[in-house]
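J.: If you scroll down you'll find the structure; I have some questions about it.
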Amino acid sequence: MSRLSNRAGDREATVSGVAADLFAERRPQGRILVAGDTDGAMTRALKEGGAEVSSWNRLALDGKPAAAWPADGGFDGAVLRLPRGWAAFEMALHALAARLPSGAPLWIVGSNDEGITSAPKRFDGLLDGLETLAIKRRARVLETRRTAASARGNLEDWRETIAVGVPGIDRPFDLVSYPGLFAHGHLDAGTECLLQVLPEIAAGTAVLDFGCGAGVIARAVRERVSDAKLTLLDVDAVALHAACQNVPDAECVLSDGLSGLGARERFGLILSNPPLHRGKDEDFGMLEALVAGTKQYLKLRGSLVAVTQRTAGVGKLFKTAFGHADLLLETPQFQVWKGTPK
C-alpha cells in the first residue's frame, strides 16, 4: 500500500505560496503571530519583509515544535492558516483575536475546496472589514480587522467533560475533550469496534495508544487493567493535552510518528485508530509508518491491533509486514487487524 496521492502536500504548498507572495509584496511590520504555517513559507516571507514573527502550530509535523495554545502577549497582527473543521477554526480564531488590539489585521489563508469562502460566516463578532487580497490557484488570502468584542482567549475556556460508555466497562466514565478533536462528544464507531475485541492484557503490560486523540482507548485500558504502563502519542497538541487529563498517570508523547518515542523499553501491545486523512485528503502515510516501524517497538510476541475503514484494505499491508495477521472483527464499515511479528 502507498499513499493515495500527494494532494495534501500540493495544496499546502500552493496555499502557503500564494500567501507568502502577498506578504513579500506588502511587507507587514511589527509583531506577527502566525498559526498553522506547516511548511514555513509564510513565516519566511514575513521575516524577510522585516516583521518579528512568533509561530503557533498545534501539529508537531516533521518534528516541528507544537503547542496546544499560543503564547501570551500582544501582537500587531496575526495570520491563520485555515484548519480542518469549523470547530477548530472557531477556537483558533478566538485564540488569535484575544492577542490582538482592536483594529489590528488578521489574515486568513486557505483554499476554495477547504471552504475559505464560508469563513466570514463564523467570525463570531471578533472581526470586521473583510477584504480579499489574493485569489490565485484556488487559494485565497482574506484580510480582516479585529473588533472590540471579547474573545475566549484561554484553552480551558473551551474544555468540555463528556460521559462516554465503552464496551467491556460497566459504567460510563468522564472524558475531557475540546472542540475540533476527533469524535468530540461521542465514542467513535471505529474505536468501539477495536474495544469490542481488545485482547486480554496482563498486569503490568506496557501499552502504547498511537494516535491517541483524547485518550479514550488508553482510558478504557486503564479501567480494565489498573497497573498497565500506558504511553499516549499524538501529533495534535490539543488532543494530547486532553489525553493527559483523561489518563493522568500515562506518559504523553507529542510526535507525528513512532520516532518521537526514541529509545525505550518495548511495548507488549500497541493499539491504534490511526488517522487516515491529512486535511481533507485521504493519506495512508501515518498507517504505513506505524506498521513498518512496529517491530522496533514491540516486545517478543507483542502485537499491533488497529482499526481502519474497511475500504482501506489494510489486510495485505498487515500480512506483508508481519508474515501473519488476524482479522479480529469486520463490519460493513470497519476492520480490526492484529499483527504479531515473528
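The values are calculated or read from the model by the stated rules, or taken from the named source; none is laboratory data. Predicted, not measured: the structure shown is a model, and the values here were computed from it. Please note: Cβ atoms are built from the backbone with ideal geometry, for glycine as well, and neighbour counts cover all protein chains shown. For the accessible areas, the whole protein counts, side chains as well, though only heavy atoms, and no ligand, DNA or RNA atoms are used. Shrake-Rupley method; radii C 1.70, N 1.55, O 1.52, S 1.80 Å.
J.: For the stretch 155-178, what are the residues that are assigned to a helix (DSSP H, G or I), surrounded by 12 or more Cβ atoms within 10 Å (Cβ to Cβ) and among the acidic types (Asp, Glu)? Steps first, please.
T.: The initial filter retains those residues of the stretch 155-178 that are assigned to a helix (DSSP H, G or I), namely 155-158.
From what's left, surrounded by 12 or more Cβ atoms within 10 Å (Cβ to Cβ): 155, 157-158.
The one that is assigned to a helix (DSSP H, G or I), surrounded by 12 or more Cβ atoms within 10 Å (Cβ to Cβ) and among the acidic types (Asp, Glu): 157.
J.: Return the residue satisfying two criteria in turn: it lies in the stretch 245-291 and is farther than 13 Å from residue 215 by Cα and polar (S, T, N, Q), and of such residues it is modelled with the highest pLDDT.
T.: Going through the qualifying residues, I end up with 255.
J.: Further question: Looking at the stretch 197-215, is at least one residue of a type in the set (Val, Ile, Thr), closer than 28 Å to residue 66 by Cβ and surrounded by 20 or more Cβ atoms within 10 Å (Cβ to Cβ)?
T.: Yes, the stretch 197-215 has at least one match.
J.: Right, here's the next one. If you scan the stretch 102-119, which residues turn out to be of a type outside the set (A, V, I, L, M) and either closer than 18 Å to residue 129 by Cα or crowded, with 16+ Cβ neighbours inside 10 Å (or both)? I'd like the intermediate steps shown before the answer.
T.: Looking only at the stretch 102-119, we keep the residues that are of a type outside the set (A, V, I, L, M), and these are 102-103, 105, 107, 110-115, 117-118.
If the condition is that a residue be of a type outside the set (A, V, I, L, M) and either closer than 18 Å to residue 129 by Cα or crowded, with 16+ Cβ neighbours inside 10 Å (or both), then 102, 103, 105, 107, 110, 111, 114, 115, 117, 118 are the ones that fit.
J.: Sticking with this structure for a sec: Of all residues in the stretch 125-154, count the ones that are in contact with a Lys or Arg (Cβ under 9 Å, 6 or more places away or on another chain), open to solvent by less than 90 Å² (accessible area, probe 1.4 Å) and in contact (Cβ under 8 Å) with a residue 24 or more places away in the chain.
T.: Counting residues in the stretch 125-154 that are in contact with a Lys or Arg (Cβ under 9 Å, 6 or more places away or on another chain), open to solvent by less than 90 Å² (accessible area, probe 1.4 Å) and in contact (Cβ under 8 Å) with a residue 24 or more places away in the chain gives 7.
J.: Would you mind finding the one in 99, 122 that is open to solvent by 10 Å² or more (accessible area, probe 1.4 Å), under 22 Å from residue 184 (Cβ atoms) and either in contact (Cβ under 8 Å) with a residue 24 or more places away in the chain or touching a helix residue (DSSP H, G or I) at 6+ places or on another chain (Cβ under 6 Å) (or both)?
T.: Working: 99 fails: under 22 Å from residue 184 (Cβ atoms).
Only one candidate qualifies: 122.
J.: For residue 197, indicate whether it is in contact with a strand residue (DSSP E or B) (Cβ under 6 Å, 6 or more places away or on another chain) and over 21 Å from residue 239 (Cβ atoms).
T.: Working: in contact with a strand residue (DSSP E or B) (Cβ under 6 Å, 6 or more places away or on another chain): yes; over 21 Å from residue 239 (Cβ atoms): yes.
Yes, satisfied.
J.: Within the group 187, 208, which residue is modelled with pLDDT under 95 and in contact with a strand residue (DSSP E or B) (Cβ under 9 Å, 6 or more places away or on another chain)? Spell out the reasoning first.
T.: Numbers: 208 fails: modelled with pLDDT under 95.
Going through 187, 208 in turn, the sole match is 187.
J.: Also, I was wondering about something else. Under 7 Å between Cβ atoms, at least 6 apart or on separate chains: pull out the pairs that start in the stretch 13-33 with a residue that is more than 22 Å from residue 73 (Cα to Cα) and open to solvent by 40 Å² or more (accessible area, probe 1.4 Å) and end on any residue that is of a type in the set (Gly, Ala, Ser) and assigned to a helix (DSSP H, G or I).
T.: Filtered contacts from the stretch 13-33: 24/45.
J.: Given (1) on the phi < 0 side of the Ramachandran plot; (2) open to solvent by less than 60 Å² (accessible area, probe 1.4 Å), where does residue 183 come up short, assuming only one miss?
T.: Going through the list (1) on the phi < 0 side of the Ramachandran plot; (2) open to solvent by less than 60 Å² (accessible area, probe 1.4 Å), residue 183 breaks only (1).
J.: If you go through the stretch 61-76 one residue at a time, do you hit one that is modelled with pLDDT of 95 or more, farther than 24 Å from residue 115 by Cβ and surrounded by 20 or more Cβ atoms within 10 Å (Cβ to Cβ)?
T.: yes
J.: Are there any helices (runs of 4 or more DSSP H) wholly within the stretch 231-342 with 1 or more residues that are open to solvent by less than 60 Å² (accessible area, probe 1.4 Å) and within 30 Å of residue 113 (Cα to Cα), and if so which? Show your work before the answer.
T.: Values: elements: 237-246, 285-297, 315-322.
In the stretch 231-342, 237-246, 285-297 are the helices (runs of 4 or more DSSP H) which contain 1 or more residues that are open to solvent by less than 60 Å² (accessible area, probe 1.4 Å) and within 30 Å of residue 113 (Cα to Cα).
J.: Would you confirm, using the coordinates I've provided, whether residue 191 is under 23 Å from the mean Cα position of the chain (by Cα), among the polar types (S, T, N, Q) and assigned to a strand (DSSP E or B)? So that I can check it myself, show each step before the final result.
T.: On the way: under 23 Å from the mean Cα position of the chain (by Cα): yes; among the polar types (S, T, N, Q): yes; assigned to a strand (DSSP E or B): no.
The answer is no for residue 191.
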